[in-house]
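Enquirer: Handing you a structure now.
Just so it is clear, none of the values below were taken in a lab; they were calculated from the coordinates. Here the structure is a predicted model, which is why all the values come from computation and not from measurement. Here the Cβ is made from the backbone with ideal geometry for all residues, glycine too, and neighbour counts use every protein chain on show.
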Amino acid sequence: MKRLGSTPLAVGLILAIATAQGTTAQTPPQSGTAMPQSALEDPIANEGVIEDGAIDALKEMSNFLMTAKTLAITSQGSMDVVTNDGQRIQLDGTTSYKIRRPGFVIDYESDIKSRRFIYDGKTFTVYSPKLGYYSTVPAPATNREVLDTIYNKFGIRLPLEDLFRWGDGSNADRIQALKSAYEVGSATIDGVPTDHFAFREADVDWEVWIQKGDQPWPRKLVIIDRTDPARPTFTARLTWQMNPTFTDADFAFVPDANAKQIKMATYQGTGE
């Protein structure tokens, strides 16, 4: 079976870290997604269109994320798994993030597996609590370098990895790679007014709903893998907290007494 999680965009915008006073991004109690105020009358006409406003919105979002010293994020997501005969199966999952510079902890719980990814500034660990196995390798000194290293050496992409890259300003090449970029309209995501943007790259279509106002949090992401005829889709709704207080203990990995350490297998190819 093939996972959408292997698409470049489905696995980062989170690692924003710089200078802001503690501000909590809270989602109002309303739930659900309102229909856009204006729908696209002729979507085909937007093929190949690069709107300056859509690019500016991405840059403003990225710049805002970079003002955070630490971040806590929760993602409620679903992704399509495509079987060998082309049937799409949807799986739900919850991912929580604690992020500082350097360091992150990602806890991923889905219908079929549980994983924890820990980077403490010196080592990177993958832990499977249900299976009782973990693997630790030396890691470089920055979050961005860790993302590149674990992918190039071990084929590991982290959940919503591109959120990290948008947050540390390292996604300029992604903007250059865009084939189209435009605003779809306005929508309410879980009670939060947002602007809805759509983008196309060579192998993936993706959408982001960015909160209106002076705190442009990305509130929802949709990613479609165009390399697969079944067009598997990944969707995530995000809640954010800026500048929570963390200690070194939050980023320290302490295995359970019965957990067994195994070697992290190297990977030659295009990633998991």
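Enquirer: Between ARG226 and residues 5 or more places away or on another chain, which pairs have amide H atoms under 5 Å apart, with H built 1.01 Å from N, and which residues are they?
Expert: Hits under the 5 Å cutoff: VAL204, ASP205.
Enquirer: Moving on. Please label the shape of segment 161-217 as rounded, prolate or oblate, based on the square roots a ≥ b ≥ c of the eigenvalues of the alpha-carbon gyration tensor (a/c under 1.5 means rounded; beyond that, a/b larger than b/c means prolate, else oblate). Numbers along the way, then the final one.
Expert: Details: a/c = 2.36, a/b = 1.41, b/c = 1.67.
Here segment 161-217 falls in the oblate category.
Enquirer: Just want the answer: with Cβ charges of +1 for Lys and Arg and -1 for Asp and Glu, which residue in THR70, THR125, PHE154 is farthest toward the dipole's positive end in segment 42-166?
Expert: THR125
Enquirer: I'd like to compare 76-86, 61-71, 235-245: which one has the highest average count of other Cβ atoms within 10 Å, and what's the full order after that?
Expert: Values: 76-86: 15.2, 61-71: 21.0, 235-245: 19.3.
The most tightly packed comes first, giving 61-71, 235-245, 76-86.
Enquirer: Shape of segment 75-166 from its Cα gyration tensor (a ≥ b ≥ c, root eigenvalues): rounded if a/c is under 1.5, otherwise prolate when a/b > b/c, or oblate? Kindly include the intermediate steps, with their values, before the conclusion.
Expert: Values: a/c = 1.84, a/b = 1.71, b/c = 1.08.
Prolate, because a/c is 1.5 or more and a/b exceeds b/c.
Enquirer: Now for a different question. When the C-alpha atoms of segment 97-147 are aligned to their principal axes, what extent does each axis show, in angstrom, from largest down?
Expert: Principal extents (largest minus smallest coordinate, Cα): 32, 19, 13 Å.
Enquirer: Of LYS122, LYS220, how do they rank once you tally other Cβ atoms within 10 Å and put the fewest first?
Expert: Numbers: LYS122 11, LYS220 23.
With the fewest neighbours first, LYS122, LYS220 line up as LYS122, LYS220.
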